[in-house]
Structure formats: C-alpha cells, structure tokens
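Below is one structure, written out as structure tokens, with a few remarks after it.
The values are calculated or read from the model by the stated rules, or taken from the named source; none is laboratory data. Note that the structure is a prediction, hence the values are computed from the model and not measured. In this analysis, Cβ positions are derived from the backbone assuming ideal geometry, glycine residues included, and neighbour counts consider all displayed protein chains.
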Amino acid sequence: MLKDQIAVVTGGSRGIGRAVCLALAKQGANVAVVYAGNAQAARETVEACQALGVQAEAFQCDVKDFAVVKETVAQIKARFGTVNILVNNAGITRDGLIASMKEADFDAVIDTNLKGAFNFIRHCTPIFIRNRGGRIINVSSISGLTGNAGQANYSASKAGIIGLTKATARELAARNITCNAVAPGFIATDMTQALVEKNQEAINASIPLGRVGQPEDVAQTVTFLAGPAAGYITGEVIRVDGGMAM
C-alpha cells in the first residue's frame, strides 16, 4: 500500500500516464497529474483519482523547460507538502527516416523524452534527500533496447532513459532513493490506435503472448516499483512487452 504517499506522474492525463495515476491512487497515493496541454483530459484523470478517495491535482508543465519544471515541483511541494514517488512518463514521437529527419524533430523528442525526465529527477532529488528516501520510475521503451526503424530520435531518447536510470540509481542508492525503468512494448493507447487497427493480426503475431498490451499492464509494474516490495531493486529495466524483445 502507498497510503498518504505523494506521487508525481508526468504525462499523466492520458494513456499509460492515466493508468499509472489510477493504479497509484488505488494503492492510496495522492497524485500530482502533470500534463502538457490537454486540460480536459488532465481534469478527468484528477476526478477519477479523487473518486478513489485520494487527493489529486493537475499541474500544467513543459517538461523540457528546466526553470518551468523547477517551479512546477515547487508548486507540487507547496500543495502536497512533499514528494515520495516520481514517474517520468511524458513522451512524444516525431517519426521519420534518418535520411530525411528534420533536426527540429530530433531535438523535440530528445528534449521532451530525455531532458524532461532529467529535469524532474533533478528538481525532485533534493526533496527525496530530505525525506531520506524516494522512488523514481522512468518509462523507457523496447525501442530503446532494440532500436526501431523510423524512430532514431525516439529510440535514442528511450535508450538515454536507460542510461539516466542506471546513473541515477548508482548516484542516489546511498540516500535510500531507488531508480528503475519500465520498457513497454506495443501498448494500446491513442498514439498507437491507428496502427493497431490497420495491422492487428500482424502485430499480435509478433508478440509471443499474442496480444497488444494495455496501459494497465505497465501501470501495475510501475506501482510495484513504487512500493515497499521493490525496496531492494534499483537500476533495473523491466520489459513490459509480452515477450517482444526476448
């Protein structure tokens, strides 16, 4: 149980992020839902968490902006008193082949997916140190483990998340702060809906478990890593991919 723990979830308004918020709330955690621009979706996530009997509030934030993240973390601390759990889930895609990829598309994905995670870790770490403990869970991808054609920027950002996770875990372990990553495979979200609809049979055939994953599959693993049962696990990358990257 995570009763009265304060969890920050970036990209928390939809998809995997929303599922993580709800899973943490079901375990009793109060949730700061960090979102980029969809205020309505963020509000719906907040209300769903509140319906589970916990406190929740939405915070709009451009995760790639170091100063804005610092201010957002300060606002969350002022509202909830502290932070115990950080889930770096915010991410975007700007797919394209290397031969034609625009510099702006590469930079945007790296800045949001990788630098955004660093920004939140950087500004939450002093709080964790004062608390003498904390849990950081970063959402990577099997694309960061195996690469994916047409996603050089995304794969690089998610591979970077793995390196960031391991370095953070080594650096903060003595402070009783764990840092782990989950690497989802093909998960049914708004981002993948069109592709799934066009290629359902082929996608299922490529997954040993024979089905596309659900956001809740990822959320359950995140919740485990945020809880007391995972207290001796740090620097780990757990695939949640139905066996795709075996």
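Odds and ends about this structure:
- Taken over segment 8-23, residues that are among the aliphatic types (A, V, I, L, M), in a helix (DSSP H, G or I) and closer than 18 Å to A117 by Cβ amount to 2.
- Flag for N148 being at pLDDT below 95, touching a helix residue (DSSP H, G or I) at 6+ places or on another chain (Cβ under 9 Å) and on the phi < 0 side of the Ramachandran plot: yes
- Residue in segment 167-175 that is out of contact with any Ser or Thr (no Cβ under 6 Å at 6 or more places or on another chain) and either farther than 21 Å from G133 by Cα or among the acidic types (D, E) (or both) present: yes
- The helices (runs of 4 or more DSSP H) found wholly in segment 41-136 and carrying at least 3 residues that are free of Cβ contacts under 8 Å to residues at least 24 places away in the same chain and of a type outside the set (D, E, K, R) occupy 66-80.
- Here is the figure for segment 199-215: residues that are surrounded by fewer than 16 Cβ atoms within 10 Å (Cβ to Cβ) and either part of a helix (DSSP H, G or I) or in contact with a strand residue (DSSP E or B) (Cβ under 6 Å, 6 or more places away or on another chain) (or both) total 6.
- Filter pass, N153 being in a helix (DSSP H, G or I) and touching a helix residue (DSSP H, G or I) at 6+ places or on another chain (Cβ under 8 Å): yes
- Being within 18 Å of R14 (Cα to Cα), under 15 Å from the mean Cα position of the chain (by Cα) and buried (at least 20 other Cβ atoms within 10 Å of the Cβ) is a property that N119 lacks.
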